[in-house]
Amino acid sequence: MPDVRVIAEDDDLLERSIGGMRVTKMHGSLVPGTPVRWSSPPVITRKDYEQYEYTHPRIWSSLTATYLTRSILFLGFSFTDPNVEVLLRLARTRVNLGAPEHFTVLKRPTSRSELALYGHQVADLEKSGVAVVEIEDFSELNPLLRRLAQRTRDPWLFVSGSVTDELTQHKHDELLGYELVESAVEVVSLAGPAGMNVSFALGRTLKAEGRYDPARMRFFFRQRDTAVPELPQRMGTATFTEFPVERLREEVISNCRALVILGGGERTKIEAQCAAKYKVPVIPIAAAGGAARSIWEALSTDASYVGAANSLFMQSDWDLLADLDPRVAIRAAKRMILHAMFLGSLSDPTGKV
């Protein structure tokens, strides 16, 4: 994290700055070199923990302010960790001040004697305003954090695809734009045909209803030697980058919550593979033809993927993505998009996209 600001001592908080990312190291800090030395003494003994709020008053005040204004996720704790005492002290003394809910992830013990004590400890945390998320095994932690990272991204939906006969005839892309008006979805694309058509349909509707917001439609342009083509309609937000197309594709898709495919060719397949790499849910509207149809057909033979999809919805929306009535296919896609972005996850567990 090369651009992060590190807070290891109280004096590090004297420098005022706005914005940026900050890491507070509460347990001391080492300076690399020969020999390695401490730039901030370690916090390691019981006395260090008990006296922390007096020896580090600024950092303790900063931690308290964060506790009262942000939801915190506590990771890497066990009930034998002295950090738990710090956490409980904060929780018990600040719980009546209207602090937001906090969270911790704990592995459930297996022995009967540990379970009895564990139940009381969990109840103590939850009464103090810290919700406990239980896992049976530490292998569950990374998938949990990946889903959390996806859910805390901006509500970006990447639209991938280009014109096909089916797309031109039935205008699935425009229908999708109209369907997304009432959602919180922000449409992003690399200014391909499908992305522009969805965005412009969404923007025109918002303008007509007096609710236009340029942030709802975002176009990203790659580095190029020739002039950037003008958008056919003055709508949305255009971002011009110095990235080559490969890096831009990864930068944008990795920050999206879901990717929808309308038509498309080989480039669209590459974007779908990029989404699979970053565990971004892929929703191919097969009725639009092209790459969307071939990706849908390939995934339809994967029992684990279709089973996961069908278990999430009232109807078999996966099958409806290929419905001949474009309104039916687009309504099914909308339900899957909203569920993947706001309610759950529909990523390809096999990486076969």
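The values are calculated or read from the model by the stated rules, or taken from the named source; none is laboratory data. As the structure is a computational prediction, the values presented were derived from the model and not from experiment. Cβ sites come from the backbone with ideal geometry, for glycine too, and all protein chains shown count toward neighbours.
Which one of Val36, Val43, Val31 is at pLDDT 85 or above and surrounded by 13 or more Cβ atoms within 10 Å (Cβ to Cβ)?
Val43
Does Glu50 satisfy the criteria of being under 14 Å from Val86 (Cβ atoms) and among the acidic types (Asp, Glu)?
So Glu50 fits the description; yes.
If a residue has to be surrounded by fewer than 21 Cβ atoms within 10 Å (Cβ to Cβ), assigned to a helix (DSSP H, G or I) and of a type in the set (Val, Ile, Thr) to count, how many in region 154-204 make the cut?
Residues meeting the conditions: 1.
Within region 15-67, count every residue that is in a loop (DSSP other than H, G, I, E, B) and free of Cβ contacts under 8 Å to residues at least 12 places away in the same chain.
So the count comes out to 11.
Do we find a residue being in the same structural domain as Ile261 (by TED's automatic domain parsing), hydrophobic (A, V, I, L, M, F, W, C) and under 22 Å from the mean Cα position of the chain (by Cα) anywhere in region 204-217?
Within region 204-217, one or more residues are in the same structural domain as Ile261 (by TED's automatic domain parsing), hydrophobic (A, V, I, L, M, F, W, C) and under 22 Å from the mean Cα position of the chain (by Cα).
Look through region 224-254, keep the residues that are among the basic types (Lys, Arg) and assigned to a loop (DSSP other than H, G, I, E, B), and return whichever of them is modelled with the lowest pLDDT.
Here the answer is Arg224.
Keeping to region 205-249, report how many residues are of a type in the set (Phe, Trp, Tyr), surrounded by fewer than 17 Cβ atoms within 10 Å (Cβ to Cβ) and more than 23 Å from Lys334 (Cα to Cα).
Total satisfying the criteria: 2.
Taking the residues in region 255-272 that are part of a helix (DSSP H, G or I) and among the basic types (Lys, Arg) as candidates, determine which candidate is farthest from Ala287 (Cα to Cα).
If we take residues in region 255-272 being part of a helix (DSSP H, G or I) and among the basic types (Lys, Arg), then Arg267 is farthest from Ala287 (Cα to Cα).
Which count do you get for residues in region 2-28 that are surrounded by 13 or more Cβ atoms within 10 Å (Cβ to Cβ) and within 20 Å of Phe74 (Cα to Cα)?
Residues meeting the conditions: 9.
Could you check how many residues of region 133-176 are of a type in the set (Phe, Trp, Tyr) and closer than 22 Å to Phe220 by Cα?
So the answer is 2.
Please verify whether region 144-152 includes one or more residues that are buried (at least 18 other Cβ atoms within 10 Å of the Cβ) and over 25 Å from Arg247 (Cβ atoms).
No: region 144-152 contains no residue that is buried (at least 18 other Cβ atoms within 10 Å of the Cβ) and over 25 Å from Arg247 (Cβ atoms).
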